[in-house]
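Single-structure report; data block below.
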Amino acid sequence: MNIRRNGQSDLVFNIEWQGGQTGAQIDLPDYLARGGYQALRRALATDPAQVVQTVKDAGLRGRGGAAFPTGLKMEHVRDNLELERYVICNADEGEPGTFKDRFVMTHLPFQLLEGMTLAAYAVGANRGIIYIRYEYPEAQASIRHSIAAAVEAGLLGDNILGSEFSFHLEIFSGAGSYLCGEETALLSSIEGKKGRPRLKPPYPTQSGLWGKPTLINNVETLANLPAIIGRGAVWYRSLGTADSPGTKLISLSGDVNNRGLFEVPFGVSFREIIESCGGGIKNGRKLKAVNIGGASGVVVPPHELDCRLEYGACAKREITIGSGAVFVLDDTRSILDNVRNRAAFFLHESCGKCTPCREGLRQVNRIIGALCGGAGTASDLAKLERYTRTMQQAAFCGLGQAAGNTLISSLAYFRSEYEAACRDVQPAAKKEGTA
Amino acid sequence: MLDKGKSVQAIISEIGTSKTALLPILLAVQDASPAHYVNEAAMNEIAARLKLSRSRVYSTASFYSEISLKPRGRNIVQVCVNAPCENAGKAAIIRALENELTITLGETSADAQFTLEGVNCLGACYLSPAIKVNGRLYGNLTAAAAVDIIRQCREGEAN
Amino acid sequence: MEQVAMKINGAAVSAPQGSTILEAARQLGVKIPSLCHHPDQRVKANCRVCVVEVEGSRNLMPACSTRVAPGMEIRTNTARVRETVQTILELILSNHPQDCPNCIRNGNCELRQLAADYGMREYKADIEPVALPIDTSTLSLVRDPNKCIKCGRCAEVCHHVQETGILYSHFRSTDIGVAPEYGKQLSEVNCVLCGQCVLVCPTGALHEKDDIPAVWAAIDNHEKHVVVQVAPAVRVSIAEEFGQAPGTIATDKLVSALRFAGFDRVFDTDFTADLTILEEGHELLRRLQTGGTLPMLTSCSPGWIKFMEHNYPDLLPHLSTCKSPQQMFGALAKTYYAQLSGIAPEDIFVVSIMPCTAKKFESARPEMADSGYRDVDAVLTTRELGRLLRQAGVDFNKLPPGEFDAPLGVSTGAAALFGATGGVMEAALRTVYEVVVQEELTEVNFTEVRGMAGIKEATVDLNGLPVKVAVAHGLAHARRLMDDVRAGQADYAFVEVMCCPGGCIGGGGQPYGTGTASREARIAATYAVDAAMPLRKSHHNPAVQQLYQDFLGQPLGEKSHHLLHTAYCDRS
């Protein structure tokens, strides 16, 4: 089901997803049998700087949504004069419509643990934390057992694989806050506070957990490292495109025949993802819109789907790859209902710290409620645009800045649906076929 | 759900009194509470032991949606309310559960047997609509299947 | 300091490296609005009204938290910035009570001022009525959560300056509130009522309980003989209520203003401050001589007393048993002064003008009625006095000078020092030295105990006996000292603690705008008041000497014990 190109037989994850069912967990013996921990063995025999260089050469970018170059982040931590350093795995996968990290943790836990250990070796950290969201007890259990097994096998803890390198890893459970996926909010949460974002700069690479340099990466990002270190940057770059090397895990949901998790090389088009992976639209209906990137992503009409999954190409089309959630809406779906759901989600998850996000979402929800109740007005639409613009421009963190993305994109592409919900927009102005 | 009845003191001794311990302690205290919540006495004890103001501990506890400040039912039924589950028929599932439990979303039944809550994405959008009952995930639900899960829960308690 | 060259609104300018855009712009005369920013506090960047355009940045940048960089091009006045600031104000106002004329902050509300500046006459957002319960549970403070804009300034003061830990931000999103835990009222938690939160609140969400009506009622009641006492710290701050610079000394105008407003006698808390030195000084000597509990701690500051009662009940025996000067004044007004004037104590109404919100609470403590009558009947803060005088039609700056009435208005420079941190210590040392050493103290200025350092120490040689003293202001610093005392690691004989930063001149009842800069100016003014007084030692106060001769007998005597000393309770 995964899309393979250029005669590649191997991808980074090689998930086998059959009939909406996930396969069994790859336990430590399985993982070792598949060549697991070879990369770590190799890395431990080389200079940590070489590991960082390989990651930089591979062109890996953060898979949590921000797409920051991972090697650069590593270098910032590595170059810090402070020797007490941390590696944190951001497993607070809360972006609605995303389930890749949950899958990696429950099915490929050792690939993640090896990746984290590689990262720790590369940046010179001896302590690590996996921050797993509360809503994933099965992932917490899987990682807990896997850590114990890795320690048992000498793959974690003191003197890993007989080397001088020691790395101690623990789990920290979230407690129900989407915002804790924002790296500085996550740090606040570990430090016992509300999960509210901190000022940047300083960035976590300079002043992270307890003010120490900290590498924070998403599950998928870290789980890419064994393949990159094991098979090299050149191999990794043979997947994907020059702009965006490697593969991306795509969480496909909504009105497609095959919902599930797929690994695709960068460069495929969204249409290809929906048709090849998703098997087309369910019940023979027509495609109406696709929500790319989750709640903080955008809603685009079918004609945008030839855009390639590639950071540069998507940025040009103002499409947010984000966590790789692709949520498909058929022609029976109401755009407004979906936008209302997203707005309610953000209202629930806003930390309330900054005015644009807190008060902006309060008003946006009120207005969308009015529109859905048929009591909206044309001036409400203008307000919606102004409020979301203010959130985008002036909110404290990424949550508030992105909270209006579905709204702004859908207002651009599906404005007629909004106008149809306004009681003072003349019927003549209401366009045909808005359903 | 482990360690029911464990004292706050025992939990703190186990987890420690550093600031990092606050959230794990709150979650453990909630897990140990038969009513799945953190009460005021526990909160005050945690504040005293961690040398934090009560207001500060309450700040953290009140921020996270999976920490409850109110007593909840013995069984916690959580319905994913995000878009993929909504489009897959969340409303019908909630209606069926509300009818079966005779409470509305966000409430606890009078006999304290069930709490029905909305929850954010459970990472099971390929199985939507999905719910979680006492931490266990159920997907591809119909209204009838959801009601069956509740009934099994009741039977399980009765036995 | 190295300068950074940049452009603000097209003009080439430079600012010290490390400064924020907000600091740089304000220094250069470019006004950037702000609400959550406070010059004495850490950067919060919550309110976002200070956003500006920075070339190369996709989003607007908050000026309060963005540091200047070489070559930065900043624009503060563009359509994009204006629209955003106006929209943020509109969003705040859409969830804010629309009753500015009825609000205690009408006239000095930072939000209302910005709304006026930005032409928010026509609120474009729909107003949602809010009706959260208002906390009027204490005699000192009122908390109106409906007017809270969640800037976080009060929580910062409460947790980091005072470490009282009462107000903190709870819940999230639109449920967020800055309050005590479990929605408790201030009377139900260990709030010391210092009012430092009020000083930093930009709106009417936190304010003093307004006691002006009670004072007018007494003045208007011709059966009542209304006497007023003025705390040392008020004379160096009241002029700010009438547009003068912090540090303006307005003692004589203040006296005239109070007469104009209708008070029958205008007295001075400085009189009982001198008296406090005699009582407390002798108490210290007695403790030193009889092996009493040491260190002895001062007891003038009611927020500090309440803090001790909540948090260090085991250390209560360390507190001096002296009532505060305010309460000593009240007790004497209803006994000594009643005798002198031939007015029945029940007809005397004592009003205090205090820099303090906790004084309102102190005046109502049940034990503060040793004469059989409540010592002090009403307490107004400096801010309330400003409002009362405006209501009375006082044109403050044009008033002729006036003088306090005798004998409860006679004082020395030592008493004036009570307003500043270290002042009680300095005044006490002037008297204790001369009492013990029996020699004239020629250098009366004890500079080691002056200044804004959080904890100050000094050692004074009393006839070969080195006496170690300490001074703390702000409860976070007091807590450090008390932890040392509790641990037996403090070898001081005498410790002065003032609840508020800078001492009473920085009290929670002082004019809005109170911050480090105005505190320093008021402290300088306080020392100027002292230096200008003919008498600078409390025991030289002739009216106090007369009081002992005619009424009290001697310090720590039976009458003093009955009227001027008190006991504390465990509130933990």
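The values are calculated or read from the model by the stated rules, or taken from the named source; none is laboratory data. Since this is a predicted model, take the numbers as computed values, not measurements. Virtual Cβ from ideal backbone geometry, glycine too; neighbours counted across all protein chains shown.
Looking at the structure I just gave you, is B:Ser33 surrounded by fewer than 22 Cβ atoms within 10 Å (Cβ to Cβ) and not assigned by TED's automatic domain parsing to the domain that holds B:Asn134?
Here the answer is yes, as B:Ser33 does meet what is asked.
State whether the residues of segment C:128-138 include one that is surrounded by fewer than 16 Cβ atoms within 10 Å (Cβ to Cβ), of a type in the set (Asp, Glu) and assigned to a helix (DSSP H, G or I).
No, because not a single residue in segment C:128-138 is surrounded by fewer than 16 Cβ atoms within 10 Å (Cβ to Cβ), of a type in the set (Asp, Glu) and assigned to a helix (DSSP H, G or I).
Can you say whether C:Asn77 is among the polar types (S, T, N, Q), more than 20 Å from A:Phe396 (Cβ to Cβ) and touching a strand residue (DSSP E or B) at 6+ places or on another chain (Cβ under 8 Å), as far as the supplied structure shows?
no
Select from segment B:96-118 the residues that are part of a strand (DSSP E or B) and of a type in the set (S, T, N, Q) and write down the one among them that is nearest to the chain's Cα centre (by Cα).
Only one residue tops the list, namely B:Thr115.
State all residues of segment A:153-197 that are on the phi > 0 side of the Ramachandran plot and within 14 Å of another protein chain (Cβ to nearest Cβ); if no residue qualifies, say none.
A:Gly176, A:Gly192
From the list B:Leu97, B:Leu116, B:Leu141, which one is closer than 28 Å to A:Val326 by Cβ and at pLDDT 95 or above?
Going through B:Leu97, B:Leu116, B:Leu141 in turn, just one is closer than 28 Å to A:Val326 by Cβ and at pLDDT 95 or above: B:Leu141.
Test of understanding: among A:Tyr418, A:Tyr387, which residue is more than 10 Å from chain C (Cβ to nearest Cβ) and part of a helix (DSSP H, G or I)?
Within the list A:Tyr418, A:Tyr387, the selection yields A:Tyr418.
Can you find even one residue in segment B:72-95 that is closer than 24 Å to C:Gly183 by Cα, out of contact with any Asp or Glu (no Cβ under 6 Å at 6 or more places or on another chain) and either part of a loop (DSSP other than H, G, I, E, B) or not assigned by TED's automatic domain parsing to the domain that holds B:Ser18 (or both)?
Yes, segment B:72-95 contains at least one residue that is closer than 24 Å to C:Gly183 by Cα, out of contact with any Asp or Glu (no Cβ under 6 Å at 6 or more places or on another chain) and either part of a loop (DSSP other than H, G, I, E, B) or not assigned by TED's automatic domain parsing to the domain that holds B:Ser18 (or both).
Can you find, within segment A:63-97, the residue that is surrounded by the most Cβ atoms within 10 Å (Cβ to Cβ) among those that are free of Cβ contacts under 8 Å to residues at least 60 places away in the same chain and assigned to a loop (DSSP other than H, G, I, E, B)?
Across segment A:63-97, the extreme among qualifying residues is A:Phe68.
Restricting the search to segment A:248-270, which residues are part of a strand (DSSP E or B) and at the interface with chain B (Cβ under 8 Å from one of its Cβ atoms)?
Once the filter is applied, which keeps residues that are part of a strand (DSSP E or B) and at the interface with chain B (Cβ under 8 Å from one of its Cβ atoms), segment A:248-270 yields A:Ser251, A:Leu252, A:Ser253, A:Gly254, A:Gly260, A:Leu261.
For the structure I just gave you, tell me whether C:Gln391 is surrounded by fewer than 24 Cβ atoms within 10 Å (Cβ to Cβ) and modelled with pLDDT of 95 or more.
Yes.
Just checking, how many residues over segment C:11-30 are surrounded by fewer than 19 Cβ atoms within 10 Å (Cβ to Cβ), in a loop (DSSP other than H, G, I, E, B) and in contact (Cβ under 8 Å) with a residue 12 or more places away in the chain?
4
Any idea which of (1) surrounded by fewer than 19 Cβ atoms within 10 Å (Cβ to Cβ); (2) part of a loop (DSSP other than H, G, I, E, B) is the one B:Ser13 doesn't satisfy?
With (1) surrounded by fewer than 19 Cβ atoms within 10 Å (Cβ to Cβ); (2) part of a loop (DSSP other than H, G, I, E, B) applied to B:Ser13, the lone miss is (2).
From the list A:Ala45, A:Ala66, A:Ala24, pick out the single residue that is among the aliphatic types (A, V, I, L, M) and at pLDDT 95 or above.
A:Ala45 is the lone residue from the list that is among the aliphatic types (A, V, I, L, M) and at pLDDT 95 or above.
Looking at B:Cys121 and the list (1) under 19 Å from the mean Cα position of the chain (by Cα); (2) more than 14 Å from chain C (Cβ to nearest Cβ); (3) on the phi < 0 side of the Ramachandran plot; (4) surrounded by fewer than 22 Cβ atoms within 10 Å (Cβ to Cβ), which single condition is not satisfied?
Of everything listed in (1) under 19 Å from the mean Cα position of the chain (by Cα); (2) more than 14 Å from chain C (Cβ to nearest Cβ); (3) on the phi < 0 side of the Ramachandran plot; (4) surrounded by fewer than 22 Cβ atoms within 10 Å (Cβ to Cβ), B:Cys121 misses just condition (4).
Suppose we filter B:Lys19, B:Lys6 for residues that are under 20 Å from A:Phe172 (Cα atoms) and surrounded by fewer than 19 Cβ atoms within 10 Å (Cβ to Cβ); which single one remains?
Residue meeting the stated conditions: B:Lys19.
Please go through segment B:115-159 and give me each residue that is within 15 Å of B:Ala91 (Cα to Cα) and hydroxyl-bearing (Ser, Thr, Tyr), ordered by number.
Hits for segment B:115-159 are B:Ser128, B:Thr142.
Do we have any residue at all in segment C:72-88 that's surrounded by 19 or more Cβ atoms within 10 Å (Cβ to Cβ), over 23 Å from C:His38 (Cα atoms) and at pLDDT 95 or above?
Yes, there is a match, as at least one residue in segment C:72-88 is surrounded by 19 or more Cβ atoms within 10 Å (Cβ to Cβ), over 23 Å from C:His38 (Cα atoms) and at pLDDT 95 or above.
Picking from B:Ala42, B:Ala91, which residue would you name as being among the aliphatic types (A, V, I, L, M) and surrounded by fewer than 21 Cβ atoms within 10 Å (Cβ to Cβ)?
None of the other options fit; the residue is B:Ala91.
What are the residue pairs meeting all of these: first residue in segment C:549-561, first residue more than 14 Å from C:His539 (Cα to Cα), second residue part of a loop (DSSP other than H, G, I, E, B), Cβ atoms under 8 Å, and 6 or more apart or on different chains?
Every condition considered, the pairs that remain are C:Phe551/C:Thr335; C:Lys559/C:Gly553; C:Ser560/C:Gly553; C:Ser560/C:Gln554.
Charged (D, E, K, R) and either closer than 30 Å to C:Phe242 by Cβ or crowded, with 24+ Cβ neighbours inside 10 Å (or both): which single residue out of C:Asp530, C:Asp491 fits that description?
Exactly one of C:Asp530, C:Asp491 is charged (D, E, K, R) and either closer than 30 Å to C:Phe242 by Cβ or crowded, with 24+ Cβ neighbours inside 10 Å (or both), namely C:Asp530.
Mind checking which residues of segment B:135-151 are closer than 21 Å to B:Arg72 by Cα and at the interface with another protein chain (Cβ under 10 Å from one of its Cβ atoms)?
Scanning segment B:135-151 gives B:Gly135, B:Arg136, B:Leu137.
Which one of B:Glu66, B:Glu45 is within 14 Å of chain C (Cβ to nearest Cβ) and either among the β-branched types (Val, Ile, Thr) or within 30 Å of B:Ile103 (Cα to Cα) (or both)?
Just one listed residue meets the conditions, B:Glu66.
Among the listed residues C:Ser34, C:Ser65, identify the single one that is surrounded by fewer than 21 Cβ atoms within 10 Å (Cβ to Cβ) and either under 28 Å from C:Ala116 (Cα atoms) or more than 32 Å from the chain's Cα centre (by Cα) (or both).
C:Ser65
Considering only residues that are of a type in the set (D, E, K, R) and in contact with a strand residue (DSSP E or B) (Cβ under 6 Å, 6 or more places away or on another chain), look in segment C:432-488 and name the one that is surrounded by the fewest Cβ atoms within 10 Å (Cβ to Cβ).
Restricting to residues being of a type in the set (D, E, K, R) and in contact with a strand residue (DSSP E or B) (Cβ under 6 Å, 6 or more places away or on another chain), the top hit is C:Glu457.
For segment C:39-88, enumerate the residues that are closer than 23 Å to C:Glu2 by Cα, within 12 Å of chain A (Cβ to nearest Cβ) and part of a loop (DSSP other than H, G, I, E, B).
Across segment C:39-88, the qualifying residues are C:Arg42, C:Val43, C:Ala63, C:Cys64, C:Ser65, C:Thr66, C:Ala69.
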